[in-house]
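Heads up, the thing below is written out as structure tokens.
The values are calculated or read from the model by the stated rules, or taken from the named source; none is laboratory data. The structure presented is a predicted model; accordingly, all values stated were derived computationally and were not measured. Using ideal geometry, Cβ is built from the backbone for each residue, glycine included, and neighbour counts are taken over all protein chains shown. Calculation scope for accessible area: heavy atoms of the full protein, side chains included, ligands and nucleic acids excluded. Shrake-Rupley method; radii C 1.70, N 1.55, O 1.52, S 1.80 Å.
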Amino acid sequence: LIGPNGAGKTTMFNLLTGGLEPDSGTVRFQGENIEECRPESIVAEGIGRTFQTPRIFMGMPVRENLAFAARAQSGESAFNAVFRGGHVSQEEEQLQKEVDETLSFLDLEDLAENYARGLSGGQRKLLELGRVLMLDPDLILLDEPVAGVNPVLAEDLLDRLHALNKEGRTLLLIEHDMEIIMNNCDQIVVLHNGQVLATGPPEEIRDNEAVLEAYLGGEIA
């Protein structure tokens, strides 16, 4: 999802995830209308998102950040904690296994016990992606996932996004780096003044005169 500044890209993400209610029209996901659903209900439907600035708990270790992001756990109930301790223990064991798998996938095992405030910008973006993965979403919305990330870690993050896509997850990216968009996306949607200006594969978008004009007449690399 690309477009000049102010085109409506982040607004689109907010509409898809319940942060904003549309003035008109519908938002459908897997055949269901979700425009009136609360954000937590949309997450339960299978949509997760990241933000331009990662929203993580700086005062928590990496491991706890991931565990905290998991869907509702029975141990959060005082009744279950007291009267269903065995079930809660089994659930916690499974949760920690999922956390370990996510740490391994993101190559953050060595930082598992480190506080999030000590991570680099790129590592924080990886951690936020991990928090989204703990929700097991079908659709992941990524708002500038590699902005401000050093090139080596950016390539590492992109490799993981490709791996998630191969697993069957759908990814929708907002990104201003045209080289990244052109080399990593199958389909591109161009927004301009809140309207869809063009849709198509990279080779079509690159040569689209209306898209070039929207970008002030510049060429798209």
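On the protein heavy atoms, probe 1.4 angstrom, tell me the percent of accessible surface of the chain carried by carbon and sulfur.
Working: 5810 of 12260 Å².
Answer for the chain is 47 percent, counting heavy atoms of protein chains only.
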Exposure rank, largest accessible area first [PHE13, PHE68; 1.4 Å]: PHE68, PHE13
Rounded to whole Hz, the Karplus (6.51, -1.76, 1.60) HN-Hα couplings of the stretch 42-53, x for glycine and proline: 5, 4, 5, 6, x, 10, x, 9, 10, 10, 4, 10
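Given the Cα atoms of the stretch 116-221, and with Rh set as the inverse mean 1/r over their pairs in the Kirkwood sense, what is Rg to Rh to two decimals? Show your work: numbers first, answer last.
On the way: Rg = 15.1 Å, Rh = 15.1 Å.
So for the stretch 116-221, dividing Rg by the Kirkwood Rh gives 1.00.
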Accessible heavy-atom area order of LYS97, LYS9, highest first, probe of 1.4 Å: LYS97, LYS9
Per residue accessible area in Å² of the chain, where ligands, DNA and RNA are left out and the probe is 1.4 Å: 55
Positive-end extreme of charge dipole, the stretch 147-203 - chosen from ILE181, LEU197, PRO151 (charges on Cβ): LEU197
Per-residue HN-Hα couplings for the stretch 190-204 [Karplus 6.51, -1.76, 1.60; θ = phi - 60°; Hz; x = Gly/Pro]: 9, 9, 8, 6, x, 10, 6, 8, 6, 9, x, x, x, 5, 6
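Dipole size in debye (nearest 20) for the chain around its Cα centre, Lys and Arg Cβ +1, Asp and Glu Cβ -1?
On the way: 17 positive and 38 negative charges, 121 e Å.
It comes to approximately 580 debye.
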Spatial extent of the chain: Rg and Dmax, with the Cα atoms as the point set, Å: 19.2, 67
Inter-label distance for GLU204 and GLU93, nm, one decimal - labels placed 7 Å from Cα along Cα-to-Cβ: 5.3
Area of SER120 that stays accessible when all protein chains are in place (1.4 Å probe, Å², to 10): 50
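Ranked from the most accessible area to the least, with a 1.4 Å probe and all protein chains present, what is the order of LYS166, LYS125? Intermediate values should be presented prior to the final figure.
Details: LYS166 180, LYS125 20 Å².
From most accessible down to least: LYS166, LYS125.
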